[in-house]
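The values are calculated or read from the model by the stated rules, or taken from the named source; none is laboratory data. Source: prediction; values computed, not measured. Here the Cβ positions follow ideal geometry from the backbone for every residue, glycine too, while neighbour counts run over all protein chains shown.
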Protein chains: 2
Amino acid sequence: MSTSLALEKTMTIAYLGPEATFTHQAAMKRFGASLKYSAQKTIADVFNEVAHHRADYGVVPIENSTEGVVTHTLDMFIDSDLKIVAQIVMPIEHCLVGRIPKSEIEVLHTHPQALAQCRGWIMRNLPHAEVIEASSTTRAAQKAADSPHTAAIASALAAETYGLEIIEASLQDNPDNVTRFFVLGRKCSPPTPNARTSLMFSLRHEVGALHTALKIFQKHELNLTKIESRPSKRKAWEYIFFVDFVGHFETSPTSDAIDELQGCCNFVKILGSYPVEA
Amino acid sequence: MSTSLALEKTMTIAYLGPEATFTHQAAMKRFGASLKYSAQKTIADVFNEVAHHRADYGVVPIENSTEGVVTHTLDMFIDSDLKIVAQIVMPIEHCLVGRIPKSEIEVLHTHPQALAQCRGWIMRNLPHAEVIEASSTTRAAQKAADSPHTAAIASALAAETYGLEIIEASLQDNPDNVTRFFVLGRKCSPPTPNARTSLMFSLRHEVGALHTALKIFQKHELNLTKIESRPSKRKAWEYIFFVDFVGHFETSPTSDAIDELQGCCNFVKILGSYPVEA
C-alpha cells in the first residue's frame, strides 16, 4: 500500500488529534511527512472526514497491549461503512513532562488511557498529586505548559511541541507497551500475503450460539487472533462480537468461513482485510 | 443474602465514591441505609478495603448496558482473591445539573462513562461546550457548583447534594440504560436458585483453543451470558477471557464443566457464583 499511496501527492490523512498525539505519530510512521495531515477532535470526526471525502484515509487507535480495545473505535464500525485498509503497530513511550522537578508536582494532567498504562508508576511516584484527565496526551502537555506546579504524561514529541522538559521517561507499567492503529478507507484492500480479516457479527438467542459460530473458524483452521464483545446499544445485554482472524475475506478458506458464518448469525459485517507483519 | 446481611449491624460497605455516585446508590439499594458506608477513591481501593478486612463487602461497577464493561474492575480480578457474592442491577439516569440556563453553558464537566452514554445528546444540545472529564459524576457536580458558566452531567442525588438544579433529565442516548454492580466479599456465596457463575481463564496457544473451551459449555448446555477478553498485561496480545454462565460452581453440571475447562486451559479462576433475577 505504501508505494501506491506515496504517488498520490495531494492525499489528506485525517487523524485523532491534536497535533503530536500518538495517533499523529502513527499516521506519519505509515504515510511519511510530505502529505497533508488533518487533526480531528474525536474518533467520530475521523470517520466522518473519510466518509464525506474530505480526507482520503483516516487513522484511529484501536487497541493497546496493556489497556485493551478503544471501545469507541469499535462502536463506530457498527454504523459506519468504512473499511480497515491497513494497521499500524507502534511502541508507546509515556514521559513525565513539565518545567519543574518531580518533587514540586501537585497536579498531573493525563489522558485516561495513559493514566491506565502508568497507574503503577503514578501510585509509587506521585501518590499525592491531583490527577486531572485530559482529552489527549497533547492537551495534557499544553495544560502543564500553562500552569504552575503542574506536569503531564505525554509523548516526547508533545513535550518538544510545547517547550517542556522530559522529567522522566518510560513511565508505562508494562515495558512491552504497544498500540495498534487502523487506517480507514472507503474501499477494501486487495488480497495480500499475511492478510488478517476483521469482522463483526451478532448471534441468535440460542444456547451455544457463540460456540456454533466459533466452530466454523476451527473447521477451516483459521486461528482467531482476537475476540471482543460490545453492547449492541439497541437492547440491554445484547452483544455484538468483533473478531480478527487469519486470511483475506476474498480468498478461500476465509471466504468460505464467512459464507458459513452468515448462515448462523443475525448479521455479519466485514470490516476489512489488511496485511500484518508475520 | 439481604436478610442475613441485614442482621450484622456493624457491617461496613466500601464503595467507589465519592458520596452520591451511582455506585453509592447501588450499594444503598442492596444494603439499606442503616449500615456504615465507606467511600473509596478508586476501584483498587475498594478491593483493598475488603481484602484487608477494613470493610465487610465492597461495591464496584462492572458493566453498563450501553458502554460495556468497566475494564479496570475486570482487571482487578486478575491479582485479587476476592469473590463476587452478589450483583446489583440499577437503571442509570443522567441529568444536566447546574445553576444556569442551558443557553449559558460554556463548560461541561462529566465522567468518561457518562460522556459515552450521553454523547449523542451532548452533540445535539451543547456542541460548542468545552467538555472536561472528571473522576466521578459527583466530582463533576461539585465542579459545576464552584464555577460560573458551568454545568455537569450527574445523578439527581448529586445535584441535591451540591445544591444544584436539574436543568434537564434523562440525557442518556439509550433509554434502556442499566448498570450492573458487583458486591465483593472474602468468601463464596452458597448455592441458590437462579445462580450465575463468573470465571476467568487463559488459553494455550493453539488453533481453536477458544472454541475447545467454549465447546465444554455447550456440551453441558450451560448458556454463556457474557464473554470478554482482556490483555494479560504480561505479554503483548496475550489475552485473559472472562465468562459469565448459568449455574453455581459447586453444583452439577456447572462444576463438571469447570473441571473439564481446567483440563484445557493454562489456568482457570472462579470469581464467584451469585443469584440473578430470572
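Quick one: which residue in B:F31, B:F47 is under 23 Å from B:S198 (Cα atoms) and either outside the structural domain of B:I78 (by TED's automatic domain parsing) or at pLDDT below 95 (or both)?
Being under 23 Å from B:S198 (Cα atoms) and either outside the structural domain of B:I78 (by TED's automatic domain parsing) or at pLDDT below 95 (or both) holds for just one of B:F31, B:F47, which is B:F31.
Would you tally the residues in the stretch B:231-257 being closer than 19 Å to B:K83 by Cα and either in contact (Cβ under 8 Å) with a residue 60 or more places away in the chain or part of a loop (DSSP other than H, G, I, E, B) (or both)?
Of the residues in the stretch B:231-257, 7 are closer than 19 Å to B:K83 by Cα and either in contact (Cβ under 8 Å) with a residue 60 or more places away in the chain or part of a loop (DSSP other than H, G, I, E, B) (or both).
Quick test for you: out of B:L96, B:L115, B:L157, B:L164, pick the one residue that is away from chain A (no Cβ under 11 Å) and closer than 24 Å to A:T42 by Cα.
So the residue among B:L96, B:L115, B:L157, B:L164 that is away from chain A (no Cβ under 11 Å) and closer than 24 Å to A:T42 by Cα is B:L96.
Scan the stretch B:216-226 and give yes if some residue there is part of a strand (DSSP E or B) and either on the phi > 0 side of the Ramachandran plot or surrounded by 16 or more Cβ atoms within 10 Å (Cβ to Cβ) (or both), otherwise no.
Yes, that holds for at least one residue.
Taking the stated definitions as given, is B:S170 outside any helix (DSSP H, G or I), surrounded by 20 or more Cβ atoms within 10 Å (Cβ to Cβ) and touching a residue at least 12 places away in the same chain (Cβ under 8 Å)?
no
For the stretch B:109-122, how many residues meet the condition of being under 12 Å from B:C95 (Cα atoms) and surrounded by fewer than 24 Cβ atoms within 10 Å (Cβ to Cβ)?
3
Yes/no matrix, rows are residues, columns are (1) at pLDDT 90 or above; (2) farther than 25 Å from A:G58 by Cα; (3) outside the structural domain of A:I122 (by TED's automatic domain parsing):
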site	(1), (2), (3)
A:A154	yes, no, no
A:A158	yes, no, no
A:L164	yes, yes, no
A:F181	yes, no, yes
A:F201	yes, no, yes
A:H205	no, yes, yes
A:L210	no, yes, yes
A:I216	yes, yes, yes
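Out of the residues in the stretch A:78-93 that are crowded, with 21+ Cβ neighbours inside 10 Å and within 14 Å of chain B (Cβ to nearest Cβ), state the one that is farthest from B:R234 (Cα to Cα).
Across the stretch A:78-93, the extreme among qualifying residues is A:Q87.
I need a count of the residues in the stretch B:176-191 that are in contact with a strand residue (DSSP E or B) (Cβ under 6 Å, 6 or more places away or on another chain) and within 24 Å of B:P91 (Cβ to Cβ).
Summing the residues that are in contact with a strand residue (DSSP E or B) (Cβ under 6 Å, 6 or more places away or on another chain) and within 24 Å of B:P91 (Cβ to Cβ) in the stretch B:176-191 gives 7.
Among the listed residues B:F249, B:F242, B:F267, which satisfies the condition of being hydrophobic (A, V, I, L, M, F, W, C) and closer than 30 Å to B:G17 by Cβ?
B:F242
Is the stretch B:204-214 home to any residue that is part of a helix (DSSP H, G or I), away from chain A (no Cβ under 12 Å) and not hydroxyl-bearing (S, T, Y)?
No, that holds for no residue.
Could you please let me know if A:L82 is within 22 Å of the chain's Cα centre (by Cα) and outside the structural domain of A:S229 (by TED's automatic domain parsing)?
Judged against the criteria, A:L82 is a match.
Report yes if some residue within the stretch A:52-71 is over 22 Å from A:A134 (Cα atoms) and within 14 Å of another protein chain (Cβ to nearest Cβ); otherwise report no.
Scanning the stretch A:52-71 turns up no residue that is over 22 Å from A:A134 (Cα atoms) and within 14 Å of another protein chain (Cβ to nearest Cβ).
From (1) in contact (Cβ under 8 Å) with a residue 12 or more places away in the chain; (2) in contact with a strand residue (DSSP E or B) (Cβ under 9 Å, 6 or more places away or on another chain); (3) not hydrophobic (A, V, I, L, M, F, W, C), pick out the condition that doesn't hold for B:G208.
(1)
Give the stretch A:231-240 a look and list any residue that's in contact with a helix residue (DSSP H, G or I) (Cβ under 8 Å, 6 or more places away or on another chain) and within 8 Å of another protein chain (Cβ to nearest Cβ), or say none.
A:K233
Tell me, please, whether a residue that is away from chain B (no Cβ under 12 Å), in contact with a Phe, Trp or Tyr (Cβ under 8 Å, 6 or more places away or on another chain) and surrounded by 18 or more Cβ atoms within 10 Å (Cβ to Cβ) can be found in the stretch A:245-254.
Checked against the condition, which is being away from chain B (no Cβ under 12 Å), in contact with a Phe, Trp or Tyr (Cβ under 8 Å, 6 or more places away or on another chain) and surrounded by 18 or more Cβ atoms within 10 Å (Cβ to Cβ), the stretch A:245-254 yields at least one hit.
Scanning for something closer than 24 Å to B:T110 by Cβ, surrounded by 19 or more Cβ atoms within 10 Å (Cβ to Cβ), touching a residue at least 60 places away in the same chain (Cβ under 8 Å) and of a type in the set (S, T, Y), does the stretch A:137-144 turn up at least one residue?
Within the stretch A:137-144, one or more residues are closer than 24 Å to B:T110 by Cβ, surrounded by 19 or more Cβ atoms within 10 Å (Cβ to Cβ), touching a residue at least 60 places away in the same chain (Cβ under 8 Å) and of a type in the set (S, T, Y).
When the stretch A:258-278 is examined, which residues are found to be touching a strand residue (DSSP E or B) at 6+ places or on another chain (Cβ under 8 Å) and assigned to a loop (DSSP other than H, G, I, E, B)?
A:V276, A:E277
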